[in-house]
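In what follows, a single structure is set out as structure tokens and then discussed.
The values are calculated or read from the model by the stated rules, or taken from the named source; none is laboratory data. The shown structure was predicted, so the numbers you read here are calculated from the model rather than taken from an experiment. Don't worry about glycine lacking a Cβ; one is built from the backbone with ideal geometry, like all the others, and counts go over all protein chains shown. The protein model used for the area step is the full one, side chains on, heavy atoms only, and it has no ligands, DNA or RNA in it. Shrake-Rupley method; radii C 1.70, N 1.55, O 1.52, S 1.80 Å.
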Amino acid sequence: MKVTVVGAGNVGATCANVLAHKDFLQEVVLLDIKEGTAEGKALDTWQQAPIDYYSTRITGVTNDYAKTANSDVVVITSGLPRKPGMSRDDLISTNANIVKSVTENITKHSPDAIIIIVSNPLDVMTYCAYLNANKDSSKVFGMAGILDTARYRAFLAEEIGCSPKDIQAILMGGHGDTMVPLPRYTTVGGIPVTELVAADKLEAIIQRTKVGGGEIVNLLGTSAWYAPGAAAAQMVEAIVKNEKRIFPVCAWLSGQYGLKDIYLGVPVVLGKNGIEKIIELQLNAAEKELLDTSAKHVKEVMEVLDKMQSTTA
């Protein structure tokens, strides 16, 4: 199996490194527009193989999409990262042009590849890739919910004093401040989280989760990369191994949850065909209202992209 990661910045390089360590792929191609960057990071990761005992071959290339040909899965991380004071939406114009170009090049050389988008603003960049990929929406989707639930679960583990391994959670909506963590669907070793965490502390954790990416941007001066890179790698693994994992994924909705023609975070079954099924939870009125609010925000930004594309057409 062959996987390509486009963008050898912090997120892309981390994703490629994690995939190599998992040791289930024959080849990972790391591609970047900047001369030598992908080659250098790929070489560094390959030299790590004798130390950490993996055999996956990792190859770095500069803007040569022919080397990505016949990839089974492609992860797109290309684009500018956020800077302090910059919202994800501020990135839309620049990153949309980048994602459009990358998607066209990828589909030219790997027409059957499943495409995972990590570029921000995530929901809208996934929509941008879908518009330019000319393939079923089950094979074009975004990584957001795995990262967001990981942050949520990590914060909960700190509060409870337990292993994050024992926390299961679902989070829905857009990848941003309007995301919808669902305490009703959060358990710790099978125990409802509401029995272990006081309501006020749980609400504080939810609010921290919503701005979790911004917290790291303020600390580092740029976006996170370890957790996002590992989250994308986990999605690749579920697809390549046909694991049928249930993950929150940025997926195209066509009537589910009463929403249509929008990319939004929902729980799905992820396997060899990409999104094999979208799971519809029985949301209560308050949860549905939060999801609708998040969808409204995402739709507004999607419309900004539509106007940009109609202007340049």
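One table, with the values for the structure above:
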| quantity | calculated |
| --- | --- |
| Residue match in segment 54-77 (condition: aromatic (F, W, Y) and open to solvent by 50 Å² or more (accessible area, probe 1.4 Å)) | no |
| Restricting segment 252-291 to residues that are closer than 21 Å to L147 by Cα and part of a helix (DSSP H, G or I), the residue that is most open to solvent (accessible area, probe 1.4 Å) | L290 |
| Index of the failed condition, T178 passing every other in (1) open to solvent by less than 50 Å² (accessible area, probe 1.4 Å); (2) part of a helix (DSSP H, G or I); (3) among the β-branched types (V, I, T) | (2) |
| Filter result (modelled with pLDDT of 95 or more, part of a helix (DSSP H, G or I) and either surrounded by 24 or more Cβ atoms within 10 Å (Cβ to Cβ) or in contact with a Phe, Trp or Tyr (Cβ under 6 Å, 6 or more places away or on another chain) (or both)) within segment 107-122 | H109 |
| Candidates V197, V193, filtered to the one that is surrounded by 15 or more Cβ atoms within 10 Å (Cβ to Cβ), out of contact with any Cys (no Cβ under 6 Å at 6 or more places or on another chain) and farther than 21 Å from K288 by Cα | V197 |
| Cross-chain or 6+ apart pairs with Cβ under 6 Å, segment 217-237 first and farther than 9 Å from I146 by Cα, then assigned to a loop (DSSP other than H, G, I, E, B) and at pLDDT 95 or above | none |
| R184 being in contact (Cβ under 8 Å) with a residue 24 or more places away in the chain, in contact with a Ser or Thr (Cβ under 9 Å, 6 or more places away or on another chain) and open to solvent by 40 Å² or more (accessible area, probe 1.4 Å) | yes |
| Residues (over 23 Å from Q282 (Cβ atoms) and out of contact with any Lys or Arg (no Cβ under 9 Å at 6 or more places or on another chain)) located in segment 198-208 | A198, D200, K201, A204, I205, Q207 |
| Exclusive hit being over 30 Å from A13 (Cα atoms) and either at pLDDT below 95 or hydroxyl-bearing (S, T, Y) (or both), set T222, T194 | T194 |
| Cross-chain or 6+ apart pairs with Cβ under 7 Å, segment 240-254 first and modelled with pLDDT of 95 or more, then open to solvent by less than 80 Å² (accessible area, probe 1.4 Å) and of a type in the set (S, T, N, Q) | P248/T149; C250/T126; W252/S137 |
| Identity of the residue in segment 206-249, open to solvent by 30 Å² or more (accessible area, probe 1.4 Å) and acidic (D, E), that ends up nearest to V29 (Cα to Cα) | E243 |
